[in-house]
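Down below is the structure, laid out as structure tokens.
The values are calculated or read from the model by the stated rules, or taken from the named source; none is laboratory data. Only a predicted model underlies this, so the values are computations on that prediction, with no experimental measurement involved. Using ideal geometry, Cβ is built from the backbone for each residue, glycine included, and neighbour counts are taken over all protein chains shown.
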Amino acid sequence: MPYVTNDDARLYYQVIGEGSAITFAHGAGGNAASWYQQVPFFSSSYKTIVFDHRAFGRSECKPENFHGSRFSDDLAAVLDAAEIEKTALVCQSMGGWTGISFSLKYPERVSCLVMSHTTGGITSSKIRTALAEIAKTRGAAKEPFGSLALAADLPDKDPVKSNLYNQIANFNVIINLEKILAGITGAGTETREEQLKDFKVPTMFITSSMDVLMPAEAIYEAAGMIRGAEVKFFDGIGHSSYFECPEEFNAVVAEFVAKHSD
């Protein structure tokens with residue numbers, strides 16, 4: 001299994017397929033294994049890269065060295081090790097912090113950016129309000145197979161898939177969710193509108209009607225700060241459309257990436 005070291009982290013990554021590159025950055029409830037429904041689909045046409053963020057899955061990092069401000073250089077190290085000069089980026093939830101920070105720091109290395117159920121740290125008063133309001137109204141996940149990262153009705157409709165989501169998340173054992181959230185919301189992880197005024201990376205946001213972690217209001221507000229950004233909306237889906245409705249997700253992403261691949 002390939003690894004690369006950056007700073008104080010040892011990062012796991014995998015490369016499958018040939019062609020223009022597409023890289024997937026997972027969320028806080030996942031790791032490289034989360035993309036099991038995307039890798040076979042995209043690797044038939046693209047060089048497909050997945051990786052475990054620092055302290056997730058097979059990547060090693062001391063809890064005290066976990067911080068979202070290091071995500072962009074971690075991704076740069078992975079791409080350098082894989083000899084990838086330029087890639088499409090597909091980012092889920094926490095992975096959006098990787099996508100935005102990397103695209104701001106290395107825009108020449110990003111052919112296009114997909115922000116799935118994430119603001120990626122883009123912030124405004126409207127976004128902060130939307131996130132605060134959704135936090136007040138969401139309840140606990142349904143036991144034993146529910147997750148706030150899934151649609152509330154998925155455990156009843158597909159308990160096997162809901163259980164699988166949680167089992168993949170359970171591979172992350174180095175740090176807890178509280179530490180993760182602190183690491184991606186602290187100093188150096190927010191992006192304001194003025195930082196995006198010259199942002200030229202083609203960008204598409206994905207959101208849905210049943211996302212109780214990143215509500216659609218916040219996503220549309222973030223998209224409005226990037227000139228020309230598109231938004232795709234899935235009805236009846238929760239926070240993890242890549243997992244819940246993979247065929248539709250893959251089709252939307254494939255169409256967008258094809259328009260911008262070298």
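If only residues of the range 121-150 that are touching a strand residue (DSSP E or B) at 6+ places or on another chain (Cβ under 8 Å) and in a loop (DSSP other than H, G, I, E, B) are counted, the one that is surrounded by the fewest Cβ atoms within 10 Å (Cβ to Cβ) is T123. Considering (1) in a loop (DSSP other than H, G, I, E, B); (2) over 30 Å from K62 (Cβ atoms), the lone condition that P155 does not fulfil carries the number (1).
If you check F71, F66, F56, which single one turns out to be modelled with pLDDT under 95, buried (at least 18 other Cβ atoms within 10 Å of the Cβ) and under 17 Å from the mean Cα position of the chain (by Cα)? None of the others qualify; the one that does is F66. From the list F24, F66, F41, the one residue that fits, being hydrophobic (A, V, I, L, M, F, W, C) and either over 26 Å from E190 (Cβ atoms) or touching a His at 6+ places or on another chain (Cβ under 7 Å) (or both), is F41.
For the range 93-114, the set of residues classified as outside any helix (DSSP H, G or I) and not hydroxyl-bearing (S, T, Y) consists of M94, V110, C112, L113, V114, listed by residue number. Scanning the range 154-161 for residues that are at pLDDT below 95 and among the β-branched types (V, I, T) turns up nothing. The set of residues in the range 216-251 that are surrounded by 19 or more Cβ atoms within 10 Å (Cβ to Cβ), closer than 27 Å to K47 by Cβ and either more than 17 Å from the chain's Cα centre (by Cα) or aliphatic (A, V, I, L, M) (or both) comprises I226, A229.
Need a quick list: helices (runs of 4 or more DSSP H) entirely within the range 170-257 having at least 1 residues that are modelled with pLDDT of 95 or more, touching a Gly at 6+ places or on another chain (Cβ under 6 Å) and among the small types (G, A, S).
Numbers: elements: 177-185, 216-223, 241-244.
Filter on the range 170-257 gives an empty set.
Scanning the range 192-237 for residues that are closer than 22 Å to G29 by Cβ and polar (S, T, N, Q) yields T207, S208, S209. Residue count for the range 162-191 under the criterion of being surrounded by 17 or more Cβ atoms within 10 Å (Cβ to Cβ) and within 18 Å of F243 (Cα to Cα): the result is 6.
Contact map, the range 8-37: first residue under 15 Å from F66 (Cβ atoms) and touching a residue at least 24 places away in the same chain (Cβ under 8 Å), second residue surrounded by fewer than 24 Cβ atoms within 10 Å (Cβ to Cβ) and among the β-branched types (V, I, T), Cβ cut-off under 7 Å, separation 6 or more or different chains; pairs are L11/V4; A28/I180; N31/I168.
Only one entry in G186, G121 is more than 16 Å from the chain's Cα centre (by Cα) and among the small types (G, A, S), namely G186. Of everything listed in (1) within 29 Å of E85 (Cα to Cα); (2) without any contact (Cβ under 8 Å) to a residue 24 or more places away in the chain; (3) not aromatic (F, W, Y), the single unmet condition for V231 is (2). Can F243 be described as under 22 Å from S34 (Cβ atoms) and either among the basic types (K, R) or in contact (Cβ under 8 Å) with a residue 24 or more places away in the chain (or both)? Considered against the rule, which asks whether it is under 22 Å from S34 (Cβ atoms) and either among the basic types (K, R) or in contact (Cβ under 8 Å) with a residue 24 or more places away in the chain (or both), F243 comes out as yes. Can you tell me which residue is farthest from F234 (Cα to Cα) among those in the range 74-92 that are touching a Leu at 6+ places or on another chain (Cβ under 7 Å) and not in a strand (DSSP E or B)? Per the criteria, the residue is A77.
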